[in-house]
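Taking it in order: structure first as C-alpha cells, then the write-up.
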C-alpha cells in the first residue's frame, strides 16, 4: 500500500506540473439509455425485452494543445456471470494532416467481476467533413471472451478487427443526423467455433438542448442472429446525456 506521505508528494508534484498545460481541459459526461448496444449487440443478455436501461458516464482529459488525451468511460452491463460493470480506459493522440483529422490510441475494456471479458485494442481513425473511418485491432489474447482463452480453451481471439464508418451532420438548428455501419472480422480461432463475421448498423438523430444536455433517438442492430440469443436484434434506442 502506498504511504500517505508518498501519495501527498505525488499529488503536489502533479499540481505543480499543471501550469505546463494551462489550456488543459477536463470534461465529464453522464447518460441514461434505454439499451446499451456495443457493435450492434445488446450488453444486457439477461432480458429478452427491448428496454434494458443502462446508466453510463466518464471523463476525458485533454493535455492542452498537445493533442494527447486520456479518458475513462463506464456502463452498467449484464452479459458476464459475476459482473455488472464495464469500465473502459483509453488514451491517444489527435492531430491534423493532409486535411484529415487523425486519432490514434489504445483502449482497454475492463470487467471487474469477470476478467474473461477483458479486451485491449489499438485504434486509428480519420475524419473528413461529416465522415469518420475507424479501425480497431485486438491485441489482447482474447476478444471479449469469445475464444474462451482465459478458461483454458487454448484458442485465441487476438487479431480480431473492427472497421466502422460514421456520419454526423447537423441538418437543422441543434439537430444532428447520425449514422454508423461497422464490420467485425473475428480471429480464425473464433470463426472455427462457428461464429460468423457480421455487420452492425445505427441510424438516428440527436437534439442539443444546450448546456451540455442532448437527447438521442435511433435504431441499432446487426445482420446476423447471435448463437446465444437475439442480442443482435434491431432495437429502438433513446439516450439522454449531459456533458459537464
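The values are calculated or read from the model by the stated rules, or taken from the named source; none is laboratory data. What you see is a predicted model; the values in this text were computed from it and never measured. Neighbour counts are summed over all protein chains in view; Cβ atoms, including those assigned to glycine, are modelled from backbone coordinates with ideal geometry.
What the table below lists for this structure:
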item	result
Residues that are assigned to a loop (DSSP other than H, G, I, E, B) and touching a residue at least 40 places away in the same chain (Cβ under 8 Å), drawn from the range 224-244	226, 228, 229, 230, 231, 232, 233, 244
Residues satisfying the stated conditions in the range 152-185, i.e. farther than 19 Å from residue 204 by Cα and part of a loop (DSSP other than H, G, I, E, B)	152, 153, 154, 155, 156, 157, 158, 159, 160
Matching residues in the range 206-222 - criterion: being in a loop (DSSP other than H, G, I, E, B) and either surrounded by fewer than 14 Cβ atoms within 10 Å (Cβ to Cβ) or out of contact with any strand residue (DSSP E or B) (no Cβ under 6 Å at 6 or more places or on another chain) (or both)	211
Those residues of the range 118-130 which are more than 14 Å from the chain's Cα centre (by Cα) and surrounded by 14 or more Cβ atoms within 10 Å (Cβ to Cβ), in sequence order	126, 127, 130
Any hit, the range 145-166, residues being touching a strand residue (DSSP E or B) at 6+ places or on another chain (Cβ under 8 Å) and either loosely packed, with under 14 Cβ neighbours inside 10 Å or modelled with pLDDT under 95 (or both)	yes
